[in-house]
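K.L.:
For reference, the structure I am asking about is given below.
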Amino acid sequence: MQNNLNLVRFISVLWMTVFSPAGCQASTVGCRLWTEPQMPILSMNGDFVIGGIFSIHSYMTSEQNTYTTMPPQPHCAGRSVCEGGLRFARALEFIIHEINNSTDLLPGITLGYHIYDSCSAVPMSVKVAFQFANGLDPIFSDTEACLKPAAAAVSAFIGESNSTPSIDTQVSFFAIFQHSELQVSHSATCACLSDKRQFPAFYRTIPSDQHQAAALARMMKYFGWTWIGAVRSDTDYGNYGMAAFLKVAQEEGICVEYSEAYYRTQPHRKLERVANVIRRSTARVIVAFLASSDMRFLLEELARQPLPPLQWIGSEAWITHPEFLRFNMCAGAIGFGNPRSVIPGLREFLLDLSPERALKSPLLTEFWESAFSCTLKGRMGVQNCDGSEDIRTLQNPYTDTSQLRITNLVYKATYAIAHAIHAAICNNVLCDKTIKFTPWQLKRVNFTTKNGYQLTFDSNGDPVAVYELINWQFKENGALDFVPVGYYDSSKPRGQEFRMSSAISWLGGQTEVPVSVCSESCPPGTRKAVQKGRPVCCYDCVPCAEGEINSLDCLHCPPEFWPSTKQDSCLPKPVEFLSWDDTLAIILTVFSIIGVFMTICVIAVFFKHRASPIVRANNSELSFLLLFSLTLCFLCSLTFIGRPSEWSCMLRHTAFGITFVLCISCVLGKTVVVLMAFRATLPGNNVMKWFGPPQQRLSVLVFTLIQVIICVLWLKMSPPFPFKNLKLYKQKIILECDLGSSIGFWAVLGYIGFEAILCFVLAFLARKLPDNFNEAKFITFSMLIFCAVWITFIPAYVSSPGKFTVAVEIFAILASSFGLIICIFAPKCFIIVFRPEQNTKKYLMCKIPTKAL
């Protein structure tokens, strides 16, 4: 297909080269053109001349060729001058003058310009391109044969505005005549032009449609539109752009109800058919990849009959065209446009136009006469211009510099060429205008324009794609206007290209995103069944089995996921554990801190009164060790709070087991000492020598060391580890610590229980020993509470669900710790603080003299 297209272009260009006035013939005076060269509409000489091709008129005159006489010179025609194209041409003038006045860029070198009108016609664009190659001299070779190409009249040229003439120009130059003039387009967006094998000297300052197509498709996906219509220009711009869009749209799961093509020169019945397809469609979103001229014809046709509300999605070619703001049916349209900019001094340059200046150029004369409906040359039947006309009063695209989008691309293209010439011919001091400039030097261009835009070209000759998301919104006066609502930057990572800046006004002034789907979403518990012979976006809804989500097929969620409320997706199950911000965890933490504070207070009281009889009589060394172990017991409860990890699971159980054994060992030591103290009062009994302080410390160490050994063996063989419990609840995950070895866990608990029962039995036996302050009875109460708590803990621990299992364990630790500190130390602190008269040796020994311990 592409080869056939190039062949057709080859034949057409060859025909034009031979039979058009730009063709050449050998003569006695050298190689000369068939006719006089076509002069530019605007020109200025310089050391380096930059060409410009802009669409300033709408049509090119054409007559039937007889092939027997020389065909007439083609020229442009149309109802009036295109003010936008004229602004581009005069902007090129302004920029050339600005560069010539610069002292930094091309010092001592002057740039000139030759600007032509392409009449929006491909043949005229190709003819002008050959004019650039041939120059303005009818005789361009002193040889008698036209075998050698002429020296190019321009160093580079800017244009064309459209993709198709740009393609034909490049095909003519390189595929046929091997010319190498640099072309920098300000508005040709076809992705095909990025192919450097076919178009090696083509560059552009406007992004490729490949980026725009991807951006449009991702915007469809972003707003949830899966059922759309598409219409395009039947040109390279429309066909290549729409093909790229449809490819990305298919990847994003978007279905196209119809895809129609139209070109303004096709019969009107083709336009009517396209309009009827749009009217009858069920898609509420339509993507229009159209040139502005084709879009105007389509909108005018659609305005003839009522049209259902449509959400228009526009390409950059028409979404910012002010002419279309009169079509209220496009209200709410969105699309990607080139960013707005400000070019300092351009507005003053454009408005510096008087009748005298206009008379110096046929083009400006035509513009002046068309704008003010008068004549400067005294034509019959037309009112003469009287000099009262003021160009500042005009409201048209020529004078409107508030939306400088494409004009800024002309600005960047001109500066890119100037920078490339500067890099080629200038050193740090001087510029040598005899050095030949080649298009390949544009690859190294990297600069920032005066209005703050950076420009570089990639290996394909394309710039970075940056778009402004434009929305058509009604102003307070009821007129439509362009409102930027966001940006798209292709250089950003995937998923971060869009940046929204304000709200979008949709069709009909709605604030809600319009819906455009072939079939409504299936309700929960159903799946999609694709309708035979239709796109995948059209389906019926079939009920799903229980517990499945609705998709193209009913699917079970993975074990760690659960269907959403609408049953349209699998969401991660919430993970539950006793976190620090949980109310229950906060309460338990508060009690733990209170326990630590109480223990510290008791330590302070005991330390202050460490020489008092009641402290000395109750084994002060073991008391302080017991208080230290109780502090650790209160603190170890905090290790059970928070997200379980490998280390926290091992720490919480081993810390609990060791601290409690240390605590119970101290209590057991105190109980044994009480019993032995009373036995030591019997005559001839010297048993206390075996229960002195060294023996007490050793016994506590041995009892604790046994628990340490049990914990080490447990951690070595099968330690606790974090575990996701998926069976307890269907809709959430319980994150808990698996015990690893159950034997190890119950061995730790069993050893604590063994010591606690032993201590309780001994304390119970010593509870009635005579003394004004018998510590054994308080130990008995503490052990009774301790055993009761842990006996009730076992069934509660086994039956508690989720995070409450951990809460029960923390409660058991705190309850038993509070029982120990209150039963053992509260009576002593009460006597020390509130009954100091009882804190005497005489009172403690009033009944039976005992040996102070």
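The values are calculated or read from the model by the stated rules, or taken from the named source; none is laboratory data. Computed from a predicted structure; not experimentally measured. Reconstructed Cβ throughout: ideal geometry from the backbone, glycine too, with neighbour counts over all protein chains shown.
K.L.:
Determine whether region 371-387 contains at least one residue that is more than 23 Å from P40 (Cα to Cα) and in contact with a Pro (Cβ under 7 Å, 6 or more places away or on another chain).
P.N.:
Among the residues of region 371-387, at least one is more than 23 Å from P40 (Cα to Cα) and in contact with a Pro (Cβ under 7 Å, 6 or more places away or on another chain), which makes the answer yes.
K.L.:
Right, something else. Under 24 Å from A188 (Cβ atoms), under 41 Å from the mean Cα position of the chain (by Cα) and in contact (Cβ under 8 Å) with a residue 24 or more places away in the chain: does that describe G112?
P.N.:
Values: under 24 Å from A188 (Cβ atoms): yes; under 41 Å from the mean Cα position of the chain (by Cα): no; in contact (Cβ under 8 Å) with a residue 24 or more places away in the chain: yes.
Against the criterion (under 24 Å from A188 (Cβ atoms), under 41 Å from the mean Cα position of the chain (by Cα) and in contact (Cβ under 8 Å) with a residue 24 or more places away in the chain), G112 does not qualify.
K.L.:
Quick one: P37 ticks every box in (1) over 48 Å from the mean Cα position of the chain (by Cα); (2) modelled with pLDDT under 70 bar one, so which box is it?
P.N.:
Of the numbered conditions (1) over 48 Å from the mean Cα position of the chain (by Cα); (2) modelled with pLDDT under 70, the odd one out for P37 is (2).
K.L.:
Give, as residue ranges, the strands (runs of 3 or more DSSP E) completely inside region 403-510 that count at least 1 residues that are more than 24 Å from G112 (Cβ to Cβ) and among the charged types (D, E, K, R).
P.N.:
466-474, 480-489, 498-500
Yes/no matrix, rows are residues, columns are (1) assigned by TED's automatic domain parsing to the domain that holds S118; (2) at pLDDT 90 or above; (3) in contact with a Leu (Cβ under 6 Å, 6 or more places away or on another chain); (4) under 21 Å from Y467 (Cα atoms):
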position	(1), (2), (3), (4)
S180	yes, no, no, no
T189	yes, no, no, yes
W227	no, yes, no, no
M242	no, yes, no, yes
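K.L.:
Which of the residues that make up region 210-263 are buried (at least 19 other Cβ atoms within 10 Å of the Cβ), closer than 27 Å to S491 by Cβ and hydroxyl-bearing (S, T, Y)?
P.N.:
Answer for region 210-263, where residues must be buried (at least 19 other Cβ atoms within 10 Å of the Cβ), closer than 27 Å to S491 by Cβ and hydroxyl-bearing (S, T, Y): Y237, Y240.
K.L.:
Related question: Check whether at least one residue in region 152-167 is surrounded by fewer than 23 Cβ atoms within 10 Å (Cβ to Cβ), at pLDDT 80 or above and assigned to a helix (DSSP H, G or I), and report yes or no.
P.N.:
Yes, region 152-167 contains a residue that is surrounded by fewer than 23 Cβ atoms within 10 Å (Cβ to Cβ), at pLDDT 80 or above and assigned to a helix (DSSP H, G or I).
K.L.:
Next question, about the same structure. Assess whether K221 counts as being among the basic types (K, R) and either out of contact with any Gly (no Cβ under 8 Å at 6 or more places or on another chain) or on the phi > 0 side of the Ramachandran plot (or both).
P.N.:
In short, no.
K.L.:
Hey, another quick one. Considering region 580-635 alone, what residues qualify as being among the aromatic types (F, W, Y) and assigned to a helix (DSSP H, G or I)?
P.N.:
First pass over region 580-635, keeping only residues among the aromatic types (F, W, Y): 580, 591, 597, 606-607, 624, 628, 634.
F591, F597, F606, F607, F624, F628, F634, listed by residue number.
K.L.:
Sticking with this one: Tell me which of these T282 doesn't satisfy, since it passes every other one: (1) in contact with a strand residue (DSSP E or B) (Cβ under 9 Å, 6 or more places away or on another chain); (2) outside any loop (DSSP other than H, G, I, E, B).
P.N.:
Failing condition for T282: (2).
K.L.:
Oh, and also: Given the structure, is R90 of a type outside the set (A, V, I, L, M, F, W, C), modelled with pLDDT of 90 or more and crowded, with 17+ Cβ neighbours inside 10 Å?
P.N.:
Judged against the criteria, R90 is a match.
K.L.:
Hey, does region 518-538 have a residue that's assigned to a loop (DSSP other than H, G, I, E, B), among the aliphatic types (A, V, I, L, M), in the same structural domain as S281 (by TED's automatic domain parsing) and surrounded by 13 or more Cβ atoms within 10 Å (Cβ to Cβ)? I'd like the intermediate steps shown before the answer.
P.N.:
As a first pass, look at region 518-538 and keep what is assigned to a loop (DSSP other than H, G, I, E, B): 518-525, 531-538.
Filter again for among the aliphatic types (A, V, I, L, M), leaving 536.
Among the residues that remain, those that are also in the same structural domain as S281 (by TED's automatic domain parsing) are: none.
No, region 518-538 contains no residue that is assigned to a loop (DSSP other than H, G, I, E, B), among the aliphatic types (A, V, I, L, M), in the same structural domain as S281 (by TED's automatic domain parsing) and surrounded by 13 or more Cβ atoms within 10 Å (Cβ to Cβ).
K.L.:
Let me ask something additional. Among the residues of region 570-611 satisfying the criterion of being surrounded by fewer than 19 Cβ atoms within 10 Å (Cβ to Cβ) and small (G, A, S), which is farthest from F778 (Cα to Cα)?
P.N.:
S579
K.L.:
Residues that are in a helix (DSSP H, G or I) and not β-branched (V, I, T): does region 228-236 have at least one? Even if it seems obvious, please write down each step before you answer.
P.N.:
Our first condition is that a residue be in a helix (DSSP H, G or I); within region 228-236, this holds for 236.
From the residues that got through so far, the ones that are not β-branched (V, I, T) too are 236.
Yes: one or more hits.
K.L.:
If you take the residues in region 383-421 that are exposed (fewer than 13 other Cβ atoms within 10 Å of the Cβ) and in contact with a helix residue (DSSP H, G or I) (Cβ under 8 Å, 6 or more places away or on another chain), which one is nearest to T103 (Cα to Cα)?
P.N.:
First, the residues of region 383-421 that are exposed (fewer than 13 other Cβ atoms within 10 Å of the Cβ): 383-384, 386-388, 390, 392-393, 395, 402.
Checking the rest, the ones that are also in contact with a helix residue (DSSP H, G or I) (Cβ under 8 Å, 6 or more places away or on another chain) come to 387, 392.
Working: G387: 38, R392: 32 Å.
Selected residue: R392.
K.L.:
Given the conditions (1) touching an Asp or Glu at 6+ places or on another chain (Cβ under 7 Å); (2) without any contact (Cβ under 8 Å) to a residue 60 or more places away in the chain; (3) more than 23 Å from A243 (Cβ to Cβ), and given that T282 satisfies all but one, which numbered condition is not satisfied?
P.N.:
With respect to (1) touching an Asp or Glu at 6+ places or on another chain (Cβ under 7 Å); (2) without any contact (Cβ under 8 Å) to a residue 60 or more places away in the chain; (3) more than 23 Å from A243 (Cβ to Cβ), T282 is out only on (2).
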